[in-house]
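Values quoted throughout were computed directly from the atomic coordinates according to the rules given, and no laboratory measurement underlies them. Just so it is clear, the model here is predicted, and its values are computed rather than measured. Ideal geometry is used to build each Cβ from the backbone, glycine not excepted, and the neighbour counts take in all protein chains shown.
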Amino acid sequence: MNWWISSIAMAVAGCVLIASSAAPNTDNPLRRRLTEERTEANTVSRFERTDGGGGFVLDRSGPVILFLPDRADEVLALDVRRSAGGGTSLVTDWGQEVLRISVVGGATLYTEDAPDGVIADAWEPARPLRPQRRTIDDVIALAEQTAVTLQELLSHPVQVDYGATPHDGLGVVAEALQLTVAGIRLAQDRNSAMLARLQRVRIVSAGAPDARFDGELLEIRIDPLAGHAGRPSSERIAMTLLGGPAPA
């Protein structure tokens, strides 16, 4: 078990282990799964909270861990960090801890309704988390709709641009446009005055995902071939618009 925990902390192959807090001798499906060969079925799983409050899908099939809670439309890309006490934390791109793996393999989920954490242990195979495939016509239409929506939200015109993207990356461009609108909505709810001078949104392929705002231009940087991990989250975009701290 210690070897598996060490592999999480070092983020080897983007793998994270979530095991049960049950006693080692119990017949627990999560603990049995640890000895099985890695396959897509056991690296993409749905977990359940022990308090009956739902669950989430965790996709460890790629280099970045993806997380989708129940009743959420937005997939989050999680970073692996060492937590206090020697465990492992999985955090969002704005620095919020979502999951903590203890040194003995127990998993604790942190949510708004359970800020002190709730154990997650039951699991079943799930489908990989992938952006919806899009055509160039889809992206053109979505960019036009984004401009219309932002004008309605901000009461002034906002230009929306996007750069050249490989066909396989159009789904990430489309998702970046959608999350930009969601992030602007979040920022507007918190401090609408910060958006008074926003004039332009630009989606650019620039390697690592990021969001930058100079008061007039909101630039969303994406890696179009990285799937859900190739764009910033809506919360990261909102924090950028409001001048919040960048994630450590």
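Roughly how big is segment 104-179's charge dipole about its Cα centre, with Cβ charges of +1 (Lys, Arg) and -1 (Asp, Glu), in debye to the nearest 20? Walk me through the intermediate numbers first.
On the way: 4 positive and 12 negative charges, 58 e Å.
Around 280 debye, computed over segment 104-179.
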How would you order 84-92, 203-211 from highest to lowest mean count of nearby Cβ atoms within 10 Å? 203-211, 84-92
Using just the C-alpha positions of segment 95-134 as equal point scatterers, what log10 of I(q)/I(0) does the Debye formula give at each q in 0.25 1/Å? -0.92
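What ranking do 102-112, 226-236 get when scored by the average of other Cβ atoms within 10 Å per residue, highest first? The partial results should precede the final answer.
Values: 102-112: 17.5, 226-236: 23.7.
By packing density, highest mean first, the sequence is 226-236, 102-112.
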